[in-house]
1. For residues that are in contact with a helix residue (DSSP H, G or I) (Cβ under 9 Å, 6 or more places away or on another chain) and in a helix (DSSP H, G or I), tally how many sit in the range 205-218.
2. Being without any contact (Cβ under 8 Å) to a residue 24 or more places away in the chain, surrounded by 13 or more Cβ atoms within 10 Å (Cβ to Cβ), on the phi < 0 side of the Ramachandran plot and assigned to a loop (DSSP other than H, G, I, E, B) is the filter here, so list the residues in the range 187-204 that pass it.
3. Condition test on residue 34, is it over 30 Å from residue 273 (Cβ atoms), buried (at least 18 other Cβ atoms within 10 Å of the Cβ) and within 21 Å of the chain's Cα centre (by Cα)?
4. Surrounded by fewer than 23 Cβ atoms within 10 Å (Cβ to Cβ) and within 30 Å of residue 182 (Cα to Cα), is that true of residue 159?
5. Which residues, taken from the range 121-149, are within 18 Å of residue 108 (Cβ to Cβ), in a helix (DSSP H, G or I) and touching a helix residue (DSSP H, G or I) at 6+ places or on another chain (Cβ under 8 Å)?
6. Quick test for you: out of 247, 182, pick the one residue that is assigned to a helix (DSSP H, G or I), crowded, with 20+ Cβ neighbours inside 10 Å, out of contact with any helix residue (DSSP H, G or I) (no Cβ under 8 Å at 6 or more places or on another chain) and in contact (Cβ under 8 Å) with a residue 40 or more places away in the chain.
7. Residue pairs, Cβ under 8 Å, 6 or more apart or interchain, first in the range 153-171 and without any contact (Cβ under 8 Å) to a residue 40 or more places away in the chain and at positive phi, second assigned to a helix (DSSP H, G or I) and buried (at least 18 other Cβ atoms within 10 Å of the Cβ). List them.
8. With (1) buried (at least 16 other Cβ atoms within 10 Å of the Cβ); (2) free of Cβ contacts under 8 Å to residues at least 40 places away in the same chain as the list, and residue 82 as the residue in question, which single condition is left unmet?
């Protein structure tokens with residue numbers, strides 16, 4: 001049976017003020033009968049090792065699977081001046097995320113800056129490979145996950161993330177299906193047939209077993225000719241959640257589904273319920 005853990009990216013809106021923070025969020029995730037949580041360290045990584053240990057303990061106590069969304073300001077295609085700053089943000093997220101018990105570090109890969117994807121990947125791949133090498137030298141086993149991005153100008157097409165993952169052990173995509181739907185700006189990538197095509201490319205590139213450890217972001221989405229504009233509640237979007245879930249079930253896919261909708265836990269619970277209904 002295909003199994004997914006469901007949760008939110010960032011603290012549920014209903015998280016009580018006390019204890020608040022990541023510990024309160026993990027407790028609230030559990031209270032909502034969800035079981036995955038992605039800590040949104042999207043502005044910066046400002047956390048102590050002591051706090052990380054407390055987060056890890058809470059995740060274990062409440063049986064909530066943890067991941068980290070690294071700061072937005074990471075660009076594998078940054079110039080030589082900016083790259084060390086981007087690299088530090090990614091490595092800090094991986095270091096402290098590992099201490100916090102997170103298994104996966106999600107990050108935005110960057111921008112093409114108008115260059116062809118193949119040219120940009122020649123810069124990005126060695127940089128990413130070196131990051132993984134350093135993490136493994138520290139016995140840090142987190143998976144770095146470049147996210148599929150919602151704008152065609154951004155490094156992060158499905159193909160980009162698959163190339164990174166196929167070439168570098170320790171890299172696997174974060175599949176944001178709403179971004180894939182928005183990226184072309186024409187309403188495509190929104191049917192069971194198209195999602196099956198995506199999952200077939202994924203398993204062909206990374207092996208059938210890779211479908212058992214998917215890390216998925218989901219929300220409704222508003223888009224225009226250049227791609228993503230805003231995340232929306234599922235009910236306010238044309239995103240075809242049912243067809244996606246049918247494709248995931250048909251392929252026996254497993255892993256985590258994290259909601260990024262503006263109505264975080266409401267849509268996470270909607271996703272969990274729809275998944276359950278379709279499994280009957």
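1. So the count comes out to 5.
2. none
3. No; evaluated as a whole, the condition is false for this residue.
4. For residue 159, the condition - surrounded by fewer than 23 Cβ atoms within 10 Å (Cβ to Cβ) and within 30 Å of residue 182 (Cα to Cα) - is met.
5. 121, 124, 125, 127, 128, 131 - these are the residues of the range 121-149 that are within 18 Å of residue 108 (Cβ to Cβ), in a helix (DSSP H, G or I) and touching a helix residue (DSSP H, G or I) at 6+ places or on another chain (Cβ under 8 Å).
6. Only one candidate qualifies: 182.
7. 170/132; 170/135
8. Here residue 82 meets the rest and fails (1).
The values are calculated or read from the model by the stated rules, or taken from the named source; none is laboratory data. Only a predicted model underlies this, so the values are computations on that prediction, with no experimental measurement involved. Ideal geometry is used to build each Cβ from the backbone, glycine not excepted, and the neighbour counts take in all protein chains shown.
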